[in-house]
Amino acid sequence: MNEIIKEYKMDWKDALYIIVGSFLLSYSFQVFLLPNEIISGGVASLTIIIYEITGITPAVIQYAFNIPLLFLSYFFVGKDVAFKSILGSMLFPFFTGIVSQLEPLTYDPLLGAIFGGMLTGIGVGIVYKARGSTGGTSTVAQIIEKYSHVSMGTANLIADGVIILIGFLTFDLEAILYGIICLVVVSRMIDIVLVGTKNSKTVLIISDEAELIRQEILEKFERGVTLLDVRGGYKKDPKEMLMVVISEREITAMQEMITQHDEDAFVVFMSASDVLGRGFSLEKYFSTNQQQ
C-alpha cells in the first residue's frame, strides 16, 4: 500500500486536504445549495436538477457522474491526479450521504448563493491545492486549466457555466441568476485559496533616466531591480528596461517617483501572483534573521 501511495504522490497532507475539502463541499451542498436550488455548476448542480426531476438520492446521482469522469481524468490530466481524484470523487457523495439529514442554514436564496459559494469555493480550492478533484466538472476544469493555461478559477467558471445553461431546462431565470452569483463567488474563493489575496504588481520601466530611477527603487523602496536590454520598435535604438515587483500600496508612490525623474517614461503595471523573495513571501524570514 505504501508503494502505491508513493508511486502516485499521495502523501498524508494531500489526503487531508482532499478529505477536508470534500467535506466542506458536501456540507455547503446540503445546507446552502440544495434547499435553495442554487444552480452554480458542477455535479452538485446537476444533482439538484436531476433530484428535482426524478427524486433520486443526491449521493447516488453524484456517484453516477463521478465514476465515468475518473477515466477522463486518467487519460487527460495524468494518473497521479486521477489517483487523487478517486479519493475526492468517492468522498464527496459519501459525505453528502452523511450530512443529508442536516437542516438548511437559510432559505434565503441570496444568502445561500453567497455563503454557499464561499464555502464551496474554499472546499474546492483546498482539494485543488492537493492537485486532486472531487470529480464532476472539477475534472473538466483541470483539463481546461492544463491545456489552455488559464487560472483554475477561470477554468472552473467555464466548466460550471455550461451547467448553468442546462439549468434553464428546469428552473426559472431568477434561480439561474442566483446561481451566477454563487458561481462568481466560487471562482473568486478558489483563486484566493490557491494564490492568496496579496496582489503584487510587476512594473516595467523604460526611461532615459533609468539609472536615477534604479537608485530610487533600491534606496527608497528597498526592492530588487532587474535590468533588461531592449530595443525600440520604431527606431530600433537600444534601451534599458527596469523590472521591479512592488506591493499594491506602493503603486502611487512609484508613479510619482518615476514622473518626477522622467515625465516621458514608458511604464507598465502588471498583476503578479505567488511572488517569492525579500519583502514578499519571505519577508518574515528575513526580518527574523535580521533580529538575531
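Bear in mind these aren't lab numbers, they're just calculated from the coordinates by the rules spelled out. Keep in mind that this is a model prediction, so the values were computed, not measured. All Cβ positions, even for glycine, are placed from backbone atoms using ideal geometry, and neighbour counts span all protein chains on display.
In a shell of Cβ-Cβ distance under 13 Å around L34, excluding L34 itself, what net charge do Lys and Arg (+1) and Asp and Glu (-1) give?
For residues surrounding L34, the net value is -3.
Take T96, T120 and order them by how many other Cβ atoms sit within 10 Å, fewest up front.
The order, fewest Cβ neighbours first, is T96, T120.
Return Y128, Y147, Y74 ranked ascending by Cβ neighbour count within 10 Å, so the fewest neighbours appear first.
Placing the least packed residue first, the sequence is Y147, Y74, Y128.
If you take the beta carbon distance between K235 and H149 as r and set R0 to 35 Å, what does 1/(1 + (r/R0)^6) give as a FRET efficiency, to the nearest 0.05?
0.55
Take every Cα pair under 8 Å in region 103-169 that's 6+ residues apart, average their separations, divide by the length, and report that relative contact order as a whole percent.
With pairs under 8 Å counted, the relative contact order is 19 percent.
Note down the net charge around K239, summing +1 for each Lys or Arg and -1 for each Asp or Glu among other residues with Cβ under 11 Å from its Cβ.
-1
Could you please rank K146, K220, placing first whichever residue has the fewest other Cβ atoms within 10 Å of its Cβ?
The order, fewest Cβ neighbours first, is K220, K146.
Using a Förster radius of 25 Å, what is the FRET efficiency between D208 and T252 based on their Cβ-Cβ separation? Nearest 0.05, please.
With a Förster radius of 25 Å, E is 0.65.
Between region 161-183 and region 102-148, how many Å separate their Cα centres?
So the two Cα centres are separated by 15 Å.
Quick one: Karplus J couplings for region 173-182, per residue in order, coefficients 6.51, -1.76, 1.60, θ = phi - 60°, nearest Hz, x for Gly and Pro?
4, 4, 5, 5, 5, 5, x, 5, 4, 4
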